Amino acid sequence: MRRWLPGLLLVSPSIVAIAVFVYGLLGWNFKVAMSDRHDEISQGSFVGLENFTGIWDQERWGISVRHAIVFTVVFVGGALVLGWFLAFLMEKGIRGEGGFRAIYLFPMAISFIATGVVWRWLMNSGTGEQAVGLNSLFSHLGLDFLQWQWFRDPDWGMAAMAVPAIWQMSGYVMALFLAGFRGVPDELRESARVDGCGEWQVYRYIVLPMLRPVTLSALIILGHISLKVFDLIVAVSGKQIITDVPAVFMWTAVFDSHDPAKGATIAAYIVLSVAVFVIPYLVWNARKGNRS
């Protein structure tokens with residue numbers, strides 16, 4: 001008891017807080033999602049998975065899911081590629097590396113709300129004399145053909161919505177990849193060069209395979225951020241169908257339509273989609289720790 005009781009007492013407040021405010025509220029959310037409580041007055045009765053299957057018959061839910069998929073693909077792919085490229089430049093030892101690291105990491109210190117307010121102006125859809133932000137810059141550079149509706153585009157609006165998120169998170173991904181680059185022993189690189197490998201082959205066969213854990217970690221972090229994105233969307237475009245995602249749909253279902261069961265169902269789907277990313281990573285990490 002002397003060995004384990006002090007440690008248990010030390011962490012018990014955290015255990016209780018997590019049990020109540022994380023898993024307890026998750027359980028309560030799933031309870032509401034499996035009820036017919038479609039107003040704020042009735043208590044609701046158990047209906048099983050009826051809400052989970054019925055929501056797929058709503059057109060708005062399908063639109064929000066498609067938008068979330070587009071946003072996730074563009075955001076995760078763009079942040080990974082840009083972050084890797086910035087880390088690659090840093091790894092080559094450019095001058096003023098410390099200053100560049102600070103510049104690239106600075107956007108992460110800004111909230112998504114502040115980012116959305118700035119990028120709402122930058123991605124203004126006005127053209128011609130009404131152009132501001134990026135469209136105005138393109139006009140002054142004589143690149144009028146690059147002017148775009150941005151997030152108001154009915155087809156690729158969600159891809160444009162991912163641009164501010166890429167700008168904000170690519171610096172963090174750069175830091176992860178830079179740590180991975182610096183963790184590759186120089187002896188392995190020199191051995192590969194002695195064996196006749198070119199610089200591209202060194203990166204392809206030595207460096208990149210050793211960056212797989214970093215890439216997986218970045219993928220998990222970016223993936224769960226993109227699936228539950230809310231504040232950036234609302235700050236840029238508000239609650240519009242053209243940029244609707246499940247988190248925004250959940251907000252309108254609970255606070256505008258006053259339908260707790262529908263909102264809880266959407267929240268449950270968001271939790272499950274995040275779990276698809278997180279749980280395999282935790283299992284892989286645990287197996288890796290056991291093997292080591």
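The values are calculated or read from the model by the stated rules, or taken from the named source; none is laboratory data. The shown structure was predicted, so the numbers you read here are calculated from the model rather than taken from an experiment. When we count neighbours, we look across all protein chains shown, and the Cβ atoms used for this are built from the backbone with ideal geometry, even at glycine. Note: accessible area is taken over every heavy atom of the protein model, side chains too, but ligands, DNA and RNA are not part of it. Shrake-Rupley method; radii C 1.70, N 1.55, O 1.52, S 1.80 Å.
Shape summary: the range 58-161 maps onto an equivalent ellipsoid whose semi-axes, from the alpha-carbon gyration tensor, are 28, 22, 13 Å in decreasing order. In the full protein context, the chain carries 58 Å² of accessible surface per residue, based on a 1.4 Å probe and ignoring ligands, DNA and RNA. Computed per residue of the chain from DSSP H runs no shorter than four, each worth -39500 (n - 2.57), the mean residue ellipticity at 222 nm is -20500 deg cm²/dmol. Entry note, the range 223-283: relative contact order of 35 percent, from Cα contacts under 8 Å with a spacing of 6+ residues. Here the translational diffusion coefficient of the range 1-101 follows from Stokes-Einstein with Rh set to the Kirkwood radius across Cα pairs; for 25 °C and 0.890 mPa s it amounts to 126 µm²/s.
Built from the Cα atoms of the range 166-265, the convex hull projects on average onto 8.6 nm², one quarter of its surface area. In the range 90-219, the ratio of gyration radius to Kirkwood radius, Rg to Rh, stands at 1.12 when only Cα atoms are counted. Here the range 186-233 and the range 244-263 have alpha carbon centers that stand 38 Å from each other.
Relative contact order, whole percent, for the chain stands at 28, derived from Cα pairs under 8 Å and 6 or more residues apart.
Using only Cα coordinates, the Kirkwood hydrodynamic radius of the chain works out to 22.4 Å. Counting every pair of alpha carbons in the range 1-40, the share spaced more than 12 Å apart comes to 67 percent.
By accessible area, using a 1.4 Å probe on protein heavy atoms only, the chain has 66% of its surface on carbon and sulfur.
Counted by Cβ distance under 10 Å from ASP259, the other residues give a net charge of -1, where Lys and Arg count +1 and Asp and Glu count -1.
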